[in-house]
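First the structure, in the form of structure tokens, and then the observations on it.
The values are calculated or read from the model by the stated rules, or taken from the named source; none is laboratory data. Model, not experiment: these values are computed from the prediction. Positions of Cβ are generated from backbone atoms using ideal geometry, with glycine treated the same way; all protein chains shown enter the neighbour counts. These area figures cover heavy atoms from the full protein model, side chains too; ligands, DNA and RNA do not enter into them. Shrake-Rupley method; radii C 1.70, N 1.55, O 1.52, S 1.80 Å.
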Amino acid sequence: MPAENLSADPVRFAYWVPNVSGGLVTSTIEQRTDWGYDYNRELAVLAENNGFDYALSQVRYMASYGAEFQHESTSFSLALLLATQRLKVIAAVHPGLWHPGVLAKLGATADHLSNGRFAVNVVSGWFKGEFTALGEPWLEHDERYRRSEEFIRALRQIWTEDHTELAGDFYRLRDFSLKPKPLNTPERPHPEIFQGGNSSAARAMAGRVSDWYFSNGKDFDGVVEQLVDVRASAAQVGRRAPKFGLNGFLIARDTEAEARETLREIVAHADHEAVEGFGAAVKQAGQSTGDGKGMWQDSSFEDLVQYNDGFRTGLIGTPEQIAERIVAYKRLGVDLLLLGFLHYHEEVEYFGRRVLPLVRELEAQLPGTRTESGPVAPVHA
């Protein structure tokens, strides 16, 4: 990757908040992880003290596929924000189940209460049963992304302009005014807007309107393919390309053999009924795309055991191996790694103590990369 495409900022880290039961793998293997608030409050403090900048609160609105119990994302995110000092918390929200004006109001309040640390992840939706159970229409694939794009345009306008006017296909706003606005900080003019999705529609939408693009787990070639598409979409409308976040399930152990054995045990103890039910639900969402680039379209059974293809990113091995792979992703243009773990408390601490220092050492050798203290590392020939 040419040096001009390499971000000067250090790679950032986020973690999936385990606010749903069942952990981050659909397996009956022991997971010393809990979906309750007390566990997650302790985890948030531990994470921000071990190098994590963001946490993503996931959401399902009805019990399903190994996630029998779950806490709602926006309220849970606010609770975690109030329990921490630096951590930015991203709440997953679904257009069609949220109105942008209502979310904008909640987000402005959460942003003030947290001193500018609230963010949103706009999820276009894969779970058809969730919408139909609530009596809401289930749109075709590309229509869901059209609605999400309109949702983001409305949200950003409400957060940054005094009077919002929007006559859209999905949302209509007439002289809508929000006060107080969210905080406008040197880091960002409004709460950061993330989105996911692997399809062509998702990539095009990210280039046009989003601050961050989240990818499911991918190898190096998969990341490059998505980066090219997202950057091309942004260039077509004269926007700076969104930052790129990549999902990964991290298994760091003292030896590679230990890490590989942990992965083998996770898959060997997979909850087959839950994995197959989830696979059937998500693959119907991507099968409606015309070019076969939808999420989970080429996911194997093993991939779906970690339900965002996290094993594919390959963050499995010794601290040294994982650090080298993380920096290789950074060289391609990845700005943030969104991580899941088997045993959160222990493994987040292990990451901060054993993996992160190695990442920072390797980054310091890259041309033009700023260190955590601020100055730019010298360029090496």
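Going by the conditions given, is Arg147 out of contact with any His (no Cβ under 8 Å at 6 or more places or on another chain), open to solvent by 70 Å² or more (accessible area, probe 1.4 Å) and assigned to a helix (DSSP H, G or I)? So Arg147 does not fit the description; no.
Here's the yes/no breakdown for (1) among the β-branched types (Val, Ile, Thr); (2) more than 15 Å from the chain's Cα centre (by Cα); (3) surrounded by fewer than 22 Cβ atoms within 10 Å (Cβ to Cβ):
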position	(1), (2), (3)
Ile29	yes, yes, yes
Asp34	no, yes, yes
Tyr37	no, yes, yes
Val45	yes, yes, yes
Leu56	no, no, no
Met62	no, yes, yes
Gln70	no, yes, yes
Gln85	no, yes, yes
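Kindly establish whether Asp142 is under 20 Å from the mean Cα position of the chain (by Cα) and either open to solvent by 70 Å² or more (accessible area, probe 1.4 Å) or not small (Gly, Ala, Ser) (or both). For Asp142, the condition - under 20 Å from the mean Cα position of the chain (by Cα) and either open to solvent by 70 Å² or more (accessible area, probe 1.4 Å) or not small (Gly, Ala, Ser) (or both) - is not met. Taking the range 72-126 as the range and being in contact with a Pro (Cβ under 9 Å, 6 or more places away or on another chain), more than 21 Å from Tyr37 (Cα to Cα) and among the small types (Gly, Ala, Ser) as the test, the residues that pass are Gly96, Ala104, Ala108, Gly116, Ser124, Gly125.
Give all pairs with beta carbons closer than 9 Å in which a residue from the range 77-105 that is more than 12 Å from Val123 (Cα to Cα) and assigned to a helix (DSSP H, G or I) meets a residue that is among the basic types (Lys, Arg) and open to solvent by 10 Å² or more (accessible area, probe 1.4 Å); count only pairs at least 6 apart in sequence or on separate chains. Short answer, once both residue conditions are applied: Ala79/Arg41; Leu80/Arg41; Leu81/Lys88; Leu81/Arg117; Pro100/Arg153. Residues that are farther than 28 Å from Arg60 by Cβ, open to solvent by 70 Å² or more (accessible area, probe 1.4 Å) and at pLDDT 95 or above number at least 2 in the following helices (runs of 4 or more DSSP H) confined to the range 203-292: 220-236, 256-268. Looking across the range 154-200 at every residue that is open to solvent by 50 Å² or more (accessible area, probe 1.4 Å) and outside any loop (DSSP other than H, G, I, E, B), the one that is nearest to Val89 (Cα to Cα) is identified as Arg156.
Counting only residues that are open to solvent by less than 10 Å² (accessible area, probe 1.4 Å) and either touching a Leu at 6+ places or on another chain (Cβ under 7 Å) or among the basic types (Lys, Arg) (or both), the range 121-130 holds 0 of them.
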